[in-house]
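This report refers to the structure that appears directly beneath it.
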Amino acid sequence: MKLVGSLTSPFVRKVRVVLAEKHIDCEFEVDIPWTSETRVPEMNPLGKVPVLVLDDCSTVFDSRVIVEYLDSIVPVNRLIPQDSRPRMLVKRWESLADGVADAAAAVFLERKRAPEKQDADWILRQEGKIMRGLEHMAEELGDKTWCTGDHFCLADIAVGCALGYLQLRFPELKWVEAHPNLARLNEALLSRSSFKETVPPAA
Ligand code: GSF
């Protein structure tokens with residue numbers, strides 16, 4: 001198996017953390033989809049990372065499909081519950097976290113455009129998604145140890161990757177002060193080797 005992605009993508013990091021937490025050996029090949037020499041479209045017609053390339057050369061995308069597949073093929077350290085409602089709640093957390101990351105990536109991309117081409121309303125709309133998403137995460141987490149209660153699971157991984165991406169791209173965002181419980185969760189996650197070893201590089 002080979003994971004293809006960038007070192008900064010929160011979605012790629014989510015898969016790398018799952019691989020580490022489940023002790024799955026997997027080659028990692030860096031391919032940044034924005035570069036002219038990217039091979040990503042040959043593996044994912046949507047041109048997005050992560051892509052998981054299986055031993056039979058078939059490819060798996062997107063990150064939610066990849067992590068669900070990885071969790072199902074290796075029974076140790078289950079990260080997604082089997083029962084309907086707990087499973088839905090974990091996937092809802094993942095959807096919330098991925099949505100915050102999506103909005104943050106959209107703002108990052110928009111800000112790369114020439115200033116006169118940037119759409120201020122579009123940026124404001126995405127920032128609203130980020131702020132409401134963080135508030136909802138904080139409300140749902142409350143004073144629990146982990147997102148869904150007393151067990152670490154995919155919900156925590158997805159939230160940690162989204163928070164890490166905000167720290168990378170928007171260090172000026174004061175979510176740590178606004179949501180101390182999210183900061184506590186983030187610190188707990190960063191004490192795990194799976195997160196320590198996948199911190200996105202600032203460059
Ligand atoms: C999102 C992946 C994505 O947007 C998933 O895997 O969960 N729903 C997908 N990846 C970005 C890089 S990043 O912002 O994380 C990507 O590959 N963008 C290239 C493009 O052409 O949009």
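The values are calculated or read from the model by the stated rules, or taken from the named source; none is laboratory data. Small disclaimer: the values here were computed from a predicted structure and weren't measured. Cβ sites come from the backbone with ideal geometry, for glycine too, and all protein chains shown count toward neighbours.
Here are some notes:
- When residues of the stretch 47-64 are limited to those that are of a type in the set (A, V, I, L, M) and under 22 Å from Trp34 (Cβ atoms), the one farthest from the ligand (Cβ to nearest atom): Val53
- In the stretch 88-102, the residues that are out of contact with any Cys (no Cβ under 9 Å at 6 or more places or on another chain), within 11 Å of the ligand (Cβ to nearest atom) and closer than 22 Å to Pro33 by Cα: Gly99, Asp102
Results for (1) touching a residue at least 12 places away in the same chain (Cβ under 8 Å); (2) surrounded by 21 or more Cβ atoms within 10 Å (Cβ to Cβ), shown as yes or no for each residue.
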residue: Trp93; (1), (2): yes, yes
residue: Gln118; (1), (2): no, no
residue: Gly160; (1), (2): yes, yes
residue: Ala178; (1), (2): yes, no
residue: Ser191; (1), (2): no, no
residue: Phe195; (1), (2): yes, yes
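- For the stretch 65-77, filtered to residues that are in contact with a Lys or Arg (Cβ under 9 Å, 6 or more places away or on another chain) and surrounded by 12 or more Cβ atoms within 10 Å (Cβ to Cβ), the residue that is nearest to Trp34 (Cα to Cα) is Ile66.
- Thr35 more than 24 Å from Val159 (Cα to Cα) and within 12 Å of the ligand (Cβ to nearest atom): yes
- Residue, nearest to the chain's Cα centre (by Cα), within the stretch 36-73, restricted to residues that are among the polar types (S, T, N, Q) and within 18 Å of His23 (Cα to Cα): Ser63
- Qualifying positions in the stretch 1-28 - among the charged types (D, E, K, R) and within 14 Å of the ligand (Cβ to nearest atom): Arg13, Lys14, Arg16
- Pair list, Cβ under 7 Å, 6 or more apart: the stretch 134-147 residue surrounded by 14 or more Cβ atoms within 10 Å (Cβ to Cβ), other residue at pLDDT 95 or above and of a type in the set (S, T, N, Q): Ala138/Asn181; Leu141/Asn181
One line per residue, one yes/no per condition, for (1) without any contact (Cβ under 8 Å) to a residue 24 or more places away in the chain; (2) at negative phi; (3) out of contact with any helix residue (DSSP H, G or I) (no Cβ under 7 Å at 6 or more places or on another chain):
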{"site": "Phe11", "(1), (2), (3)": "no, yes, no"}
{"site": "Lys14", "(1), (2), (3)": "no, yes, no"}
{"site": "His23", "(1), (2), (3)": "no, no, yes"}
{"site": "Thr35", "(1), (2), (3)": "yes, yes, yes"}
{"site": "Met43", "(1), (2), (3)": "no, yes, yes"}
{"site": "Val51", "(1), (2), (3)": "no, yes, no"}
{"site": "Cys57", "(1), (2), (3)": "yes, no, yes"}
